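In what follows, a structure is listed as structure tokens, so that the remarks can point back to it.
Values quoted throughout were computed directly from the atomic coordinates according to the rules given, and no laboratory measurement underlies them. Values in this document were obtained by computation on a predicted structure and should not be read as measured data. Cβ sites come from the backbone with ideal geometry, for glycine too, and all protein chains shown count toward neighbours.
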Amino acid sequence: MPARRAPGAESRLVRVEVDLTRCAGYGNCVDAAPEVFRMSDAAEVAEVTRPEPGPELADAVREAARVCPAHAVFLHKSRSPGPDTDAGEPAG
């Protein structure tokens, strides 16, 4: 049976953030979602290349947050359009 989505779930955006004070440069997020993350050449930490990656990458972004050993990947949910966001918490 397919998973049910909440009404309006299609209109939700996910904004991705890496807390650079927590990131230890493991690169697990890059492995999980290379379309969204890359390793910084200068600082050896993860950078977000697509802060609002879209629904097609939602599973990969959640996996990236889950596999981060430093709990540095944050996912913020919001409805489109609008400035409202839930409090960001590390996923995982």
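What the table shows:
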{"read-out": "10 Å binning of all Cα-Cα separations within the stretch 19-81, expressed as whole percents from 0 upward", "value": "24, 57, 18, 2"}
{"read-out": "Ordering of 37-45, 61-69 by packing [mean C-beta count within 10 Å, highest first]", "value": "61-69, 37-45"}
{"read-out": "Stretch gain in nm, segment ALA24-ALA43, where the contour uses 0.36 nm per residue and the Cα spacing is subtracted", "value": "5.8 nm"}
{"read-out": "Estimated inter-spin distance, HIS76 and GLU52, nm [label 7 Å along Cα→Cβ]", "value": "1.1"}
{"read-out": "Value of relative contact order over the stretch 19-81, rounded to a whole percent, pairs C-alpha under 8 Å and six or more apart", "value": "38"}
